[in-house]
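Undergrad: Below is one structure. I have some questions about it.
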Amino acid sequence: MYEIELKPEEFKLFRTYIYEKVGISISEEKQTLVKGRLSKRLNELELKSFKEYYNRLVSDTTGDELLFFVSAISTNVTSFFREETQWKWLQGYLPELISSKRDKKIRIWSAGCSSGEEPYTILMFLQNYLPDFESWDIKILATDISSKVLKCAIEGCYESTQIEQLPKNMVMQSFEKFDAKNEMKYQIKSALKKRVLFRLYNLVTDEFFFKNKFDMIFCRNVMIYFDDKTRHQLVGRFAQLLPKGSPLFLGSSESLTTHKETLKLLGSSIYQKL
Ligand SMILES: C[S@@+](CC[C@H](N)C(=O)[O-])C[C@H]1O[C@@H](n2cnc3c(N)ncnc32)[C@H](O)[C@@H]1O
């Protein structure tokens, strides 16, 4: 693989395009990262310059190259029961939710769900702490911009190292164990899987088509890529989709500086709709 130079004017073209298309603002300091992550792609496509790659990106009407670009510069890192304190908080909030739900119907959105650990954690949590879980009508909408991670999420197959921190009884309750070419893998049981609806969805550019509200929204470690304006718009939309008293979960390093009149910080990056 030979090195291709990324000129400042080419970097600027990528920055503008990505911001307009997906609302991700790539800072100046990311020039080396972009170059490093995309060089392999240029070689694969046998392109000689970043300008050629830019032309390929903007003329690709399928949108596949854009998704590839976003996947290359962003991270899909996730894990089961990420942000432990939020799950502890949810345990305390559950009695209030249960008492407000006479119809036993719960709707949750995992926005930026990556490879599925977050929506499946929500279900495992509810299975563990919600009395008479089976009798509840629970649906989780799990969305992401990347078709690659969604494919993994839909399969729901995980390595033993990904589930080793989970309590043994939870693993037995939620996963089927199988031998994949002498390596143990764990697949989410279909009874849990069928409660999740996975969809390809761009939080910045796609239309907000939701007819009903959600009892909770998780958008954790996703908005770190967005600039203030994009974040502000998105949070405003989340607030509209939450009934009074319902929580919005962000990543532990994320906080809101706007929407103070509609979303109150409860701690641990959990906000409550006022
Ligand atoms: C770091 S992962 C976080 C996964 C999970 N929420 C968690 O906290 O463990 C961020 C995810 O956001 C997705 N993402 C980034 N920009 C997005 C956008 N504009 N619309 C939808 N998803 C996006 C990425 O594809 C990635 O899977």
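The values are calculated or read from the model by the stated rules, or taken from the named source; none is laboratory data. All figures in this text were calculated on a predicted structure; none of them were measured in a lab. Glycine gets a Cβ as well: all are built from the backbone with ideal geometry, and neighbour counts include every protein chain shown. All accessible areas refer to the heavy atoms of the entire protein, side chains included, with ligands and DNA or RNA removed. Shrake-Rupley method; radii C 1.70, N 1.55, O 1.52, S 1.80 Å.
Undergrad: Taking the Cα centre of the chain as the origin and placing charges on Cβ (Lys, Arg +1; Asp, Glu -1), which of Leu94, Met124, Ser25 is farthest toward the positive end of the dipole?
TA: The one lying farthest along the dipole's positive direction is Leu94.
Undergrad: So how do His232, His259 rank on accessible area, 1.4 Å probe, biggest first, that is with the largest at the start? Before the final figure, lay out each step's value.
TA: On the way: His232 85, His259 25 Å².
The ordering from most to least exposed comes out as His232, His259.
Undergrad: Lys101: which lysines have alpha carbons under 28 Å from its alpha carbon, excluding same-chain residues fewer than 8 sequence positions away?
TA: Output for Lys101: Lys88, Lys139, Lys189, Lys193, Lys194, Lys211, Lys213, Lys244, Lys260, Lys264, Lys273.
Undergrad: How much accessible area per residue does the chain have, counting only protein heavy atoms and a probe of 1.4 Å, in square angstrom?
TA: 53 Å²
Undergrad: Starting from the Cα of Thr258, step 7 Å toward the Cβ, then list every residue of region 22-47 with an amide N under 20 Å from that point.
TA: Backbone N within reach: 22-27.
Undergrad: Where does each of Lys168, Lys21 land when they are ordered by accessible area, with a 1.4 Å probe and the largest first? Can you show the working numbers first?
TA: On the way: Lys168 165, Lys21 90 Å².
Ranked from most to least accessible, the order is Lys168, Lys21.
Undergrad: Give me the percent relative contact order of the chain, please, defined on Cα pairs under 8 angstrom at least 6 residues apart. Each step should come with its number before you reach the end.
TA: Numbers: 362 pairs, mean separation 47.0, N = 274.
It comes to 17 percent, rounded to a whole number.
Undergrad: For the chain, which whole-number percentage of the solvent-accessible area (1.4 Å probe, protein heavy atoms only) is attributable to carbon and sulfur atoms?
TA: Details: 7430 of 14640 Å².
In the chain, the share of accessible area belonging to carbon and sulfur is 51 percent.
Undergrad: Working from the alpha-carbon coordinates of region 99-189, get Rg over Rh, Rh being the Kirkwood radius. Show your work: numbers first, answer last.
TA: Working: Rg = 14.3 Å, Rh = 14.3 Å.
Here Rg/Rh amounts to 1.00.
Undergrad: Debye sum, Cα scatterers, the chain, no solvent: what log₁₀ I/I(0) at q = 0.10, 0.11, 0.13, 0.14 1/Å?
TA: -0.59, -0.70, -0.94, -1.05
Undergrad: Another one. So what is the calculated 222 nm ellipticity per residue for the chain, using -39500 (n - 2.57) for each DSSP H run with n of 4 or more, over all residues, to the nearest 500 deg cm²/dmol? All intermediate terms of the calculation are to be shown ahead of the outcome.
TA: On the way: 11 runs with 116 residues, N = 274.
Calculated from helices alone, the mean residue ellipticity at 222 nm is -12500 deg cm²/dmol.
Undergrad: Let me ask something additional. Once each part is reduced to its C-alpha centroid, what is the distance from region 99-115 to region 1-70 in angstrom?
TA: Here the two parts' Cα centres lie 37 Å apart.
Undergrad: What is the log10 of I(q)/I(0) for region 133-263, computed with the Debye formula using one identical point scatterer on each Cα and no solvent, at q = 0.15, 0.17, 0.19, 0.22 Å⁻¹?
TA: Relative scattering, expressed as log10 I(q)/I(0), comes to -0.91, -1.08, -1.23, -1.39.
Undergrad: Still on this structure, please answer the following. Within the chain, which DSSP H helices have Cα atoms that stretch 15 Å or more along the helix axis and a mean Kyte-Doolittle hydropathy of at least -1.0?
TA: The answer, listed by residue number, is 8-22, 31-44, 84-100, 117-129.
Undergrad: While we're looking at this one, here's another question. 7 Å from Cα along Cα→Cβ at both Leu265 and Glu134: what's the point-to-point distance in nm?
TA: 4.4 nm
Undergrad: Can I ask one more? For region 1-82, what is the convex hull volume of its Cα atoms per residue in Å³? It would help to have the intermediate numbers written out before the result.
TA: Values: hull volume 9.8 nm³, N = 82.
Spelled out: Cα convex hull of region 1-82, divided by residues, is 119 Å³.
Undergrad: Across region 8-73, how many lysine pairs, 8 or more apart or on two chains, come within less than 16 Å at their alpha-carbon atoms? Walk me through the intermediate numbers first.
TA: Details: Lys12/Lys21; Lys12/Lys30; Lys12/Lys35; Lys12/Lys51; Lys35/Lys48; Lys35/Lys51; Lys40/Lys48; Lys40/Lys51.
Counting lysine pairs in region 8-73 gives 8.
Undergrad: At a probe radius of 1.4 Å, what is the per-residue accessible area of Ser99, in Å² to the nearest 10?
TA: Here the accessible area works out near 90 Å².
Undergrad: With 10 Å bins from zero, work out the P(r) of region 205-271 over every alpha carbon pair and list the percent per bin.
TA: Taking every Cα pair in region 205-271, the percentages come to 20, 59, 21, 0.
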